[in-house]
Amino acid sequence: MELNLVLLGPPGAGKGTQATHLQRQWGIPHISTGAMLRDAVKRRTPLGLEVEAILASGGLVNDGLITSIVRERFQESDCRNGFLLDGFPRTVPQARALDRLIVGRSPLVILEIACPDEDIIRRLASRVVCSECGRNAPEEVEHATCHDCGGPLVQRQDDKASVVRNRLQVYREQTAPLIGYYEARPTFCRVNGNQLFDAVARDITAALARIQRGW
Ligand code: AMP
């Protein structure tokens with residue numbers, strides 16, 4: 001069964017961590033636009049050079065550019081049975097573009113992982129990622145090694161406190177309005193992200209089952 005899932009929620013709400021789990025559970029690709037951009041920066045591709053300063057400041061890459069990256073990604077064969085979008089859409093124009101991109105496919109399921117600001121700031125301050133494979137390692141510590149690939153775990157440049165403040169402001173101004181855009185759809189659901197991983201995962205499974213019963 002096709003599942004076209006969008007994860008919404010502020011930076012640090014746990015989207016990436018839950019996405020890794022959902023990708024295994026549903027057999028659909030985890031498409032993280034942030035991870036794709038970070039990879040381009042790391043490889044110093046033309047795209048990477050274009051977006052490097054934007055990522056470092058916590059601002060947003062322009063809607064047309066990011067939409068074309070997602071459009072291209074959807075052409076790959078692993079998206080046949082659906083996809084799991086993490087970090088896209090991030091603005092209402094991107095959400096409108098996504099609606100156009102999926103014409104003829106199953107409706108989008110939108111899952112908001114809600115989390116209060118105080119909790120976000122605390123989580124981002126301690127979050128580390130693998131500098132080789134990009135895996136989020138929320139329960140691990142800086143300077144350890146990744147248990148998937150052995151790469152060094154580091155803090156993301158944009159998780160530094162000064163950049164986090166800007167990212168949260170950008171989220172409030174540009175991304176939070178997406179909740180209003182999607183909320184009235186029968187395929188929208190919200191879970192409380194301010195819980196342990198297993199509890200959030202359990203609530204997500206229950207929410208997705210409820211939505212599917214309604215189909
Ligand atoms: P993330 O890993 O989702 O927190 O994304 C990291 C950074 O990549 C963001 O702070 C933005 O600079 C950029 N980015 C990722 N996704 C998008 C998007 N859909 N639209 C614009 N910029 C994005």
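The values are calculated or read from the model by the stated rules, or taken from the named source; none is laboratory data. If you're wondering where the values come from, they're calculated on a predicted model, not measured in any experiment. Heads up, the Cβs are rebuilt from the backbone with ideal geometry, glycines too, and the neighbour counts pull from every protein chain shown. These area figures cover heavy atoms from the full protein model, side chains too; ligands, DNA and RNA do not enter into them. Shrake-Rupley method; radii C 1.70, N 1.55, O 1.52, S 1.80 Å.
How would the stretch 125-188 be classified by its alpha-carbon gyration tensor: rounded, prolate or oblate, with rounded meaning a/c under 1.5 and the a/b versus b/c comparison settling the rest?
oblate
Taking the Cα centre of the chain as the origin, how large is its charge dipole in debye, to the nearest 20, when only Lys and Arg (+1) and Asp and Glu (-1) carry charge on their Cβ atoms?
Working: 27 positive and 25 negative charges, 73 e Å.
My answer is approximately 360 debye.
On the protein heavy atoms, probe 1.4 angstrom, tell me the percent of accessible surface of the stretch 1-81 carried by carbon and sulfur.
Roughly 52 percent of what the probe reaches on the stretch 1-81 is carbon or sulfur.
Would you calculate a helix-derived [θ] at 222 nm for the chain, using -39,500 (n - 2.57) for each DSSP H run of n ≥ 4 and dividing by the full residue count, to the nearest 500?
On the way: 9 runs with 100 residues, N = 215.
Dividing the helical sum by the residues of the chain leaves -14000 deg cm²/dmol.
I'd like to check one number: the per residue accessible area of the chain, probe 1.4 Å, reported in Å² as a whole number.
That works out to 50 Å² for each residue.
Given the options Thr175, Thr45, Thr187, which has the most mean-square fluctuation in a GNM of the chain, springs set between C-alpha atoms less than 10 angstrom apart?
The residue with the greatest mean-square fluctuation here is Thr45.
Which loop-located trypsin sites (Lys or Arg not before Pro) does the stretch 126-192 contain, where loop means any DSSP state but H, G, I, E or B and the Cβ has at most 14 other Cβ atoms within 10 Å?
Lys160
Name the shape class, rounded, prolate or oblate, that the alpha-carbon gyration tensor gives for the stretch 16-58, where a ≥ b ≥ c are the square roots of its eigenvalues, rounded holds for a/c under 1.5, and otherwise prolate holds if a/b is larger than b/c and oblate otherwise.
Judged from the Cα gyration tensor, the stretch 16-58 comes out prolate (a/c at least 1.5, a/b above b/c).
Taking every DSSP beta bridge with both residues inside the chain, roughly what % is antiparallel (nearest 5)? Write out the running numbers ahead of the final one.
On the way: 4 of 22 bridges.
If we restrict to bridges inside the chain, about 20 percent are antiparallel.
Among the GluC sites (Glu not before Pro) within the stretch 128-175, which fall in a DSSP loop and have no more than 14 other Cβ atoms within 10 Å of their own Cβ?
Glu139, Glu142
Would you tally the net charge around Ala209, using a Cβ to Cβ cut-off of less than 12 Å, leaving Ala209 out, and scoring K and R as +1, D and E as -1? Could you put the intermediate results ahead of the total?
Numbers: positive: Arg202, Arg210, Arg213; negative: Asp203.
Computed value for this residue: +2.
Along the charge dipole of the chain, which of Thr20, Thr175, Asn192 sits closest to the positive end, that is, farthest toward it, with unit charges on the beta carbon of Lys, Arg, Asp and Glu (+1, +1, -1, -1)?
Thr175
What does the charge count around Arg100 come to, taking other residues whose C-beta lies under 13 Å from its C-beta (Lys +1, Arg +1, Asp -1, Glu -1)? If you can, show how the numbers build up before the last one.
Details: positive: Arg71, Arg96, Arg105; negative: Asp63, Asp99.
Local charge sum for Arg100: +1.
Starting from the Kirkwood Rh over alpha-carbon pairs, what translational D in µm² s⁻¹ does the stretch 57-215 have by Stokes-Einstein at 4 °C and 1.567 mPa s? Write down the numbers at each step before the final one.
Values: Rh = 17.7 Å.
For the chosen part, D equals 73 µm²/s.
Ala125 versus Leu49, label points 7 Å from Cα toward the beta carbon: distance in nm?
3.8
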